[in-house]
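Asks: Let me give you the structure first, and then I'll get to my questions.
Read-outs throughout are calculated quantities, based only on the coordinates presented, and are distinct from any laboratory measurement. As the structure is a computational prediction, the values presented were derived from the model and not from experiment. Here the Cβ positions follow ideal geometry from the backbone for every residue, glycine too, while neighbour counts run over all protein chains shown.
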Amino acid sequence: MTCLPKTSSGKKLGLVIDLDICVGCHACATSCKEWNTSGYSAPLTDLDPYGAEPDGVWFNLVHSFEVKNEGGDSQTVNFPRSCLHCDDAPCVTVCPTGASYKREEDGIVLVNGDTCIDCKLCSWACPYGAREYDTDTGVMKKCTLCVDKIYNQNLPEHSRVPACVAACPTGARSFGDLGDPNSGVSKLVKDREGFDLMPEQGCSPVNKYLPPRVRQTEVREDTPHLQAQVSDTANALLKWIDKALSR
Amino acid sequence: MHPALSVIFFTTASGAGYGLLVLLGLGKAFDVVPHELSFGVATIVIALVLITTGLLSSTFHLGHPERAWRALSQWRSSWLSREGVLAIVTYIPILLFAYDWLLLESVDTAYVLAAILMSLFCLLTIYSTSMIYASLKTVHAWSNHWVPFAYVSLALMSGSILINAILLITGNYLALMSYSSLAFIVIALIIKLSYWRFIRQTQSLSTAETASGLGHLGKVSMVQSPHSQDNYLLKEMGYQIARKHADKLRRISVMCGFVIPFLLTIITLDGVNMLSLCSSVLALIFCLFGIIVERWLFFAEAKHTVMLYYGNTSA
């Protein structure tokens with residue numbers, strides 16, 4: 001049923017992504033592809049992967065933005081983008097067949113590939129571009145929050161996290177229950193002033209983003225002076241070479 | 001948004017078909033259109049062909065047309081589902097009305113009731129088509145109240161021009177229908193011009209800053225796309241049309257869709273003769289062409305919020 005669940009367990013599984021830490025290595029994107037190509041929505045089709053026009057299904061993508069302030073200073077922010085498993089998911093309510101649904105027990109938004117008719121309306125309804133159409137199988141696919149990994153009893157407990165979280169080398173991605181105010185992820189959001197993407201779209205996304213720190217713009221007094229260091233440590237030979245080369 | 005030809009064809013054809021039936025049903029309920037059998041067969045057959053080919057073309061553009069029946073199940077939340085249900089339910093009053101008129105040749109209460117129900121359900125179907133677009137908050141050019149008005153008025157406009165042509169071809173003349181066409185052309189043009197003004201002068205609340213949540217740090221621009229080649233999102237949502245082309249196409253749409261059909265319809269006020277007949281058919285051809293251009297622009301000019309992640313600064 002593509003009405004959103006009226007009752008909820010209160011559990012809202014999701015991700016918290018720290019834009020201050022992310023270095024834009026794309027490990028989350030590739031590990032997502034690796035796990036999911038044999039998972040719930042398998043395969044994550046690749047078309048012409050080694051040709052001139054490679055195309056395919058990716059649930060996780062890393063953008064890089066430049067943010068320029070009024071003073072003209074700019075900084076680069078790496079920005080992973082994936083499904084936010086919204087509380088008021090418009091991709092679910094527009095679905096005419098019931099293929100797109102939100103789970104009552106944990107809030108994960110999934111697509112049933114057996115009943116999707118490929119009208120593509122969910123991809124039009126999602127403001128975040130979380131839907132990926134597979135032209136090869138003719139159905140819509142999306143991030144499953146690794147539903148086939150996080151509950152998998154065959155895996156050791158520490159592995160039961162989404163593939164993107166396990167792969168992140170800098171710890172920029174955290175996974176947990178955002179419906180529980182005492183969970184680690186909820187505390188992280190509170191401490192770091194986590195925010196929603198496009199709140200004006202009214203989707204109430206579950207996933208949160210943590211802002212980059214504000215950069216310091218003034219040079220600190222205790223910054224070591226490079227030239228002084230060189231002259232202090234240089235011996236007579238180096239001084240002579242320096243002099244000879246400086247002519 | 002990428003303009004899908006099947007959807008443009010479907011909405012133009014079924015719009016004219018449903019518009020025709022709305023006006024025919026009202027005309028019949030108030031007993032102002034001719035009761036002649038040739039006129040009846042022509043209108044019903046043409047309307048059924050238009051709405052049925054439209055529906056089939058929209059079904060065949062699905063990746064899984066064999067599962068299309070499932071789309072009737074989610075009418076509680078989905079406008080696409082509602083459109084499907086309404087489109088099918090509407091066949092019932094259409095066929096009852098056609099049966100009463102063409103086979104029983106009756107003019108009893110059941111017939112009038114079927115005519116009114118037919119008008120109502122056809123109107124609701126046009127409205128539900130427009131709401132598929134108007135309910136999408138992600139596309140500012142679509143999620144506004146001009147969209148349902150535009151779909152309904154364009155359907156009534158093309159439907160009335162179509163009835164006018166059928167009337168003249170079957171040797172009938174109805175001044176009321178020519179005047180209705182003129183009125184619908186003016187109404188639809190005013191709505192469409194207001195719509196174009198609206199999308200030029202306003203934009204979505206969403207920006208590159210709200211999309212990334214980095215607005216508090218400054219102005220956001222893309223330095224690197226996540227992928228080197230276009231993906232599904234860019235192919236489907238990334239369609240961009242140059243403003244100068246949009247302006248030109250808009251002028252073509254206004255001329256062909258509204259101005260020329262208006263002038264040609266004035267000629268049809270002359271009554272049943274060869275000039276009127278040719279004018280009414282030409283008015284129909286120009287009007288449908290103008291609507292196709294209008295609908296193409298409706299997609300091509302619409303900007304989706306996902307493009308804010310790919311370098312667009314506004315949506």
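Asks: Got a sec? How would A:His85, A:His26, B:His35 order by Cβ neighbour count within 10 Å, fewest to most? Don't jump to the answer; show the numbers that get you there.
Replies: Numbers: A:His85 27, A:His26 17, B:His35 11.
So the ranking, lowest neighbour count to highest, is B:His35, A:His26, A:His85.
Asks: Follow-up. For a quick check of your reading of the filter: which GluC sites (Glu not before Pro) in the stretch B:1-101 sit in a DSSP loop and have no more than 16 other Cβ atoms within 10 Å? Can you show the working numbers first?
Replies: Values: sites: B:Glu36, B:Glu66, B:Glu83; in loops: B:Glu36.
Listed in order of number, the matching sites are B:Glu36.
Asks: At what distance in nm do the modelled label points of B:Phe198 and A:Ser159 sit from each other, each positioned 7 Å from its Cα along Cα→Cβ?
Replies: It works out to 5.5 nm between the two label points.
Asks: For helix A:236-246, what angle does its Cα long axis make with the longest principal axis of chain A, in degrees from 0 to 90 and rounded to 10?
Replies: 80
Asks: Starting from the Cα of B:Tyr99, step 7 Å along the direction of its Cβ; do the same at A:Ile241; then give the gap between the two resulting points in nm.
Replies: Using points 7 Å along Cα→Cβ, the separation is 10.3 nm.
Asks: By average Cβ neighbour count within 10 Å, what is the ranking of A:126-138, B:168-180, A:67-79 from highest down? Don't jump to the answer; show the numbers that get you there.
Replies: Working: A:126-138: 22.6, B:168-180: 17.5, A:67-79: 15.2.
Ranking the peptides A:126-138, B:168-180, A:67-79 by packing returns A:126-138, B:168-180, A:67-79.
Asks: Follow-up question, since we're still on this one. Give, as a single signed number, the net charge of other residues whose beta carbon lies under 9 Å from the beta carbon of A:Pro96, with Lys and Arg counted +1 and Asp and Glu -1. Before the final figure, lay out the partial values.
Replies: Working: positive: B:Arg70, B:Arg82; negative: B:Glu83.
My count for the surroundings of A:Pro96 gives +1.
Asks: As a check on your grasp of the helix formula, calculate [θ] at 222 nm for the protein assembly as shown: sum -39500 (n - 2.57) over DSSP H runs of n ≥ 4, divide by the residue count, round to the nearest 500. Present the calculation step by step, with values, prior to reporting the outcome.
Replies: Numbers: 19 runs with 260 residues, N = 562.
Counting only the DSSP helices, I get -15000 deg cm²/dmol.
Asks: Sticking with this structure for a sec: Note the angle between two axes, namely the Cα long axis of helix B:175-201 and the longest principal axis of the Cα atoms of chain B, as a number of degrees from 0 to 90, rounded to the nearest 10.
Replies: 0
Asks: If each of B:Asn273 and A:Lys187 carries a label point 7 Å out from its Cα toward its Cβ, how far apart are those two points in nm?
Replies: Label at B:Asn273, label at A:Lys187, 9.1 nm between them.
Asks: Right, next: Compute for the stretch A:13-210: radius of gyration divided by Kirkwood radius, i.e. Rg/Rh, restricted to C-alpha atoms, rounded to two decimals. Numbers along the way, then the final one.
Replies: Working: Rg = 16.9 Å, Rh = 17.6 Å.
Reported Rg/Rh, Kirkwood definition of Rh: 0.96.
Asks: Quick check on the exposure proxy: order A:Cys116, A:Cys25, B:Cys287 from fewest to most C-beta atoms within 10 angstrom. Intermediate results must be reported in sequence, preceding the final value.
Replies: Values: A:Cys116 27, A:Cys25 15, B:Cys287 30.
Ordered from fewest to most neighbouring Cβ atoms within 10 Å, A:Cys116, A:Cys25, B:Cys287 come out as A:Cys25, A:Cys116, B:Cys287.
Asks: Given Cα positions, please report Rg to Rh for the protein assembly as shown, the hydrodynamic radius being the Kirkwood one. Kindly include the intermediate steps, with their values, before the conclusion.
Replies: Numbers: Rg = 29.7 Å, Rh = 26.7 Å.
That ratio equals 1.11.
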